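The values are calculated or read from the model by the stated rules, or taken from the named source; none is laboratory data. These numbers were taken from a predicted model, which means no experiment stands behind them. So basically every Cβ, Gly included, is an ideal-geometry build from the backbone, and we count neighbours across all protein chains shown. In case anyone asks, the SASA skips ligands and DNA or RNA and just uses the protein heavy atoms, side chains included. Shrake-Rupley method; radii C 1.70, N 1.55, O 1.52, S 1.80 Å.
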Amino acid sequence: MSNYNPYDNVVSTIKNAGQMLGMKESEYITFMYPERELKVNFPVRMDDGSVQVIEGFRIQHSSDRGPCKGGIRFHPDVNDDEVRALAAWMTFKCAVVGIPYGGAKGGVKIDPTKYSRAELERITRRYTSAILPLIGPEKDIPAPDVNTNAEVMGWIMDTYSMMKGYSVPGVVTGKPIDIGGSLGRGEATGRGVMITLRECLKRLNKDPKGITVAVQGMGNVGSVSAKLISSELGAKIVAVSDVSGGIYNPDGLDIPGILAHLATRGNLLDTYNAPAGTKRISNAEVLTCDVDVLVPAALENQITAENAADIKASLIVEAANGPTTVEADKILEEKGVFLAPDILANAGGVVVSYFEWVQNLQSLVWDEEEVNKTLNRIMVRAIDDVFRLHEDKKVTLRTSAYCVGLEKLVKAKTLRGIFP
Ligand code: NAD
């Protein structure tokens, strides 16, 4: 899969949705291209006095429905096509859930485990200053993604504010609560995954209490998804994994115990002292183990033509962005696997990011109950919209989610017209 290009995935899905809606290509062609791209190379001084030049990106896919919105990823595999795809997914995600944003994404090509905290802070601040012409509360608002967190968002907010000369909390979301972060944002993406699973099970007439679940990836999204799927739905999490490998127990894993272990900075599952009855499995095995529900919550390109036929889950809820390739999608559809797509299932994060931005712009603070209640309302409405089109047009949930998003995007483009 070395020639896998996630942006090709995006373009093919957009075309598919456009054709399904009976649109002419001229109506949706704009969304097949990113609106603006910035690549930066910036020097950073390391703790030992040496200098490294680091590569980064910020790509804005569309601002047709509002300011661009999307996370920043720190990962050694970051590249332009990946960031482009992630930016486009943000455009569609915001449209599907009906929040007034376009889509963007950022990436810094580093392995964060190789840097000290002080070096990571300098990298973040210098990257922020390099992408400064693009970002701002009315233009483009970053948020956390793989290997970035509230602390990193705090550094971005401070750097931007220092350059402006006054405090600008609305430039970034997913910040620490004490500097303008929203209650509920840390758990929002995982909560949205849990809501999506709950609503899919309702439509499949399945009781969550009897089902078994595997979660790939135990970072922000995977760990909260695992926690809420077990604590709020009563389902049994039997397999989880992270970059160090996976664990499996057919009687169910001790999720609070695993989360307590992972909460210690730098701890991975391979150092978890698993109780008897739990066996170590590979990441590949987590994807294909015998479960009712699979939640990929790590990176893109995990479910491919090579392993799709071996997947035993009958329901997949895509917590990660782009975990399934186009080829794998077809195999899963033929097998009758029900798949809740990323642009719907993981939209909880950007929905609460929107609440955070609104609170920042209005200098207001919502309580957590209000955040979670409003998130639930928005997610359920979007899930209903996607299911309605899925049933009307007899298409997969992915195609139907893209159709829901594309209709709103094309409408915005038509209303705005083409400048000049
Ligand atoms: P994170 O950095 O907190 O966690 C990533 C997890 O994946 C870690 O547990 C890591 O060990 C694991 N991992 C990495 N490589 C792996 C591999 N090859 N096999 C198995 N596990 C592996 O990142 P996150 O914020 O939880 O993001 C996870 C996914 O969710 C990404 O696709 C991201 O784009 C998407 N997402 C995140 C948010 C958010 O709010 N953070 C919102 C929407 C979507």
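Just to verify a number: what accessible area does Arg117 come out at with the full protein assembly present, 1.4 Å probe, Å² rounded to tens?
About 130 Å², rounded to the nearest 10.
Dividing the Cα convex hull volume of segment 347-420 by residue count, how many Å³ per residue is that?
So the per-residue Cα hull volume is 117 Å³.
May I ask you to evaluate 6.51 cos²θ - 1.76 cosθ + 1.60, the Karplus curve with θ = phi - 60°, for each residue of segment 268-283 and list the ³J(HN,Hα) values in order in whole Hz, giving x for glycine and proline?
With the stated coefficients, segment 268-283 comes to 10, 4, 5, 9, 6, 7, 6, x, 4, x, 9, 10, 7, 9, 7, 4 Hz.
Around Ala320, which amide H atoms from residues at least 5 apart in sequence, or from another chain, sit under 5 Å from its own amide H, with H modelled in the peptide plane?
Under 5 Å from the amide H of Ala320 lie the amide H atoms of Ala297, Ala298, each far enough along the sequence or on another chain.
Of the listed peptides 41-49, 101-109, what is their order by residue-averaged count of other C-beta atoms within 10 Å, with the highest listed first?
101-109, 41-49
Share of antiparallel DSSP beta bridges in the chain, in percent to the nearest 5?
So the antiparallel bridges amount to about 50 percent of the total.
So for the pair Ala260, Met32, with labels modelled 7 Å out along Cα→Cβ, what separation do we get in nm?
Here the modelled spin labels are 5.5 nm apart.
Just tell me which lysines come within less than 28 Å, Cα to Cα, of Lys335; anything on the same chain fewer than 8 places away is out.
Lys15, Lys93, Lys202, Lys206, Lys209, Lys236, Lys312, Lys393, Lys394
Enter the accessible area of Leu253 (Å², nearest 10), with the probe set to 1.4 Å and all protein chains included.
30 Å²
In segment 160-247, if the dipole is taken from +1 on Lys/Arg beta carbons and -1 on Asp/Glu beta carbons about the Cα centre, which of Ser241, Val172, Thr189 is farthest to the positive end?
Thr189
Report, please, the projected area of segment 197-337 averaged over directions, based on the convex hull of its C-alpha atoms, in nm².
For segment 197-337, the mean projected area of the Cα convex hull comes to 7.8 nm².
Compute the orientation-averaged projected area for segment 92-140 from the convex hull of its Cα atoms and round it to one decimal in nm².
Across all orientations, segment 92-140 yields a mean hull projection of 4.7 nm².
Given the options Ile99, Val78, Tyr7, identify the residue whose Cα lies farthest towards the positive end of the charge dipole of segment 1-127 (+1 on Cβ of Lys, Arg; -1 on Cβ of Asp, Glu).
Comparing the listed Cα positions along the dipole, Ile99 ranks first.
Only Cα pairs within less than 10 Å get springs; with that Gaussian network setup on the chain, which residue of Ile14, Ile54, Ile237 has the largest fluctuation?
Ile54
Averaged per residue, what accessible area in Å² does the chain show with a 1.4 Å probe, protein chains only?
With all protein chains present, the chain gives 41 Å² per residue.
Each label point is 7 Å from the Cα along the Cα-to-Cβ direction; what then is the distance between the points at Arg377 and Leu204, in nm?
2.9 nm
Considering only protein heavy atoms and a 1.4 Å probe, what is the carbon-and-sulfur percentage of the accessible area of segment 310-350?
Carbon and sulfur atoms account for 48 percent of the accessible area of segment 310-350.
Ranked by accessible surface with a 1.4 Å probe, highest first, in what order do Glu138, Glu333 come?
Glu138, Glu333
Please list 3J(HN,Hα) in residue order for segment 306-319, calculated via the Karplus relation 6.51 cos²θ - 1.76 cosθ + 1.60 where θ = phi - 60°; whole Hz, with x for glycine and proline.
Running phi through 6.51 cos²θ - 1.76 cosθ + 1.60 with θ = phi - 60° gives 6, 10, 4, 5, 8, 6, 9, 4, 9, 9, 10, 10, 7, 7 Hz.
Sorted from largest to smallest, which semi-axis lengths in Å does the alpha carbon gyration tensor of segment 99-209 give for its equivalent ellipsoid, taking the root of 5 times each eigenvalue?
31, 17, 13
Give me, ordered by chain and number, the residues 5 or more places off Gly71 or on other chains with an amide H under 5 Å from its own placed amide H.
Gly106, Ala143
With only alpha-carbon atoms counted, please give the Rg and Dmax of the chain, in Å.
Final numbers for Rg and Dmax: 20.5, 68 Å.
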